[in-house]
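Trainee: Handing you this structure, nothing more for now.
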Amino acid sequence: MLDKENKSIILYFKESYISEALSTRLAKKKIKVISAKNLNAKLLHNKDLIIIDENKEKISSALSKLDQHKYSGLIVGVLNESNSINENRKFIQKFHKFLVKPIRITELCEVLLSLLDNTDKNSLYFNRLSKLLEFSNEKFDTIKLTEKEIALAKRLLKDEGRIVSRTKLLSDVWGYNELVTTKTLDTHIHRLRSKFARIPNSPKLYTAPGGYKLKLPAG
């Protein structure tokens with residue numbers, strides 16, 4: 001749960017509409033959103049989190065300013081595309097979480113709240129618009145997923161480490177559709193497991209009696 005005392009975050013973003021949308025949504029959680037034009041010691045003092053947009057300033061430059069002003073809060077980076085991960089790999093290791101555009105406000109809010117609430121899984125981020133599954137591992141890897149694969153992985157992650165029955169997965173991911181069979185589920189699981197296997201230190205998908213379970217890597 002979030003602390004009762006108010007939280008404050010800095011939005012170092014190019015698009016002003018994002019600041020307005022975030023402010024409206026997070027105000028209900030007593031979180032203040034401050035839109036910044038420049039980064040300075042007074043602004044950064046005692047702020048819980050900062051979101052850095054690659055379009056606003058080069059990642060390396062922005063992070064250098066945070067180091068200069070001894071900023072110790074959470075850092076979230078927003079990159080233009082998956083290719084930016086390779087270009088900024090040595091810098092984004094300082095991020096507590098990074099997102100790849102396009103992003104939805106609702107998903108951005110989920111990420112921010114989970115970080116501020118200390119409930120973040122610290123391993124995965126699902127970007128539904130770009131269909132990328134992003135790993136916050138040492139290499140910041142990404143996997144391209146289908147909509148159903150994202151939904152399936154998110155449902156398994158919800159009960160991480162526990163068995164989710166085939167019936168429950170079919171119901172939650174596909175809805176009550178008589179045309180969808182366990183064979184469809186098994187095929188999607190096989191594809192998802194194969195994609196996970198391409199990335200070192202990625203989640204493991206296990207077949208269990210009556211269903212499946214997803215286990216996040218340790219650490």
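Trainee: Before we move on, is Ala27 hydrophobic (A, V, I, L, M, F, W, C), under 22 Å from the mean Cα position of the chain (by Cα) and in the same structural domain as Phe98 (by TED's automatic domain parsing)? Don't jump to the end; show me each part of the working.
Mentor: Working: hydrophobic (A, V, I, L, M, F, W, C): yes; under 22 Å from the mean Cα position of the chain (by Cα): yes; in the same structural domain as Phe98 (by TED's automatic domain parsing): yes.
Yes, satisfied.
Trainee: Which count do you get for residues in segment 160-185 that are surrounded by 13 or more Cβ atoms within 10 Å (Cβ to Cβ), farther than 16 Å from Glu147 by Cα and of a type in the set (Asp, Glu)?
Mentor: 1
The values are calculated or read from the model by the stated rules, or taken from the named source; none is laboratory data. Please read all numbers here as calculations on a predicted model, not as lab measurements. Positions of Cβ are backbone-derived with ideal geometry, glycine not excepted, and every protein chain shown enters the neighbour counts.
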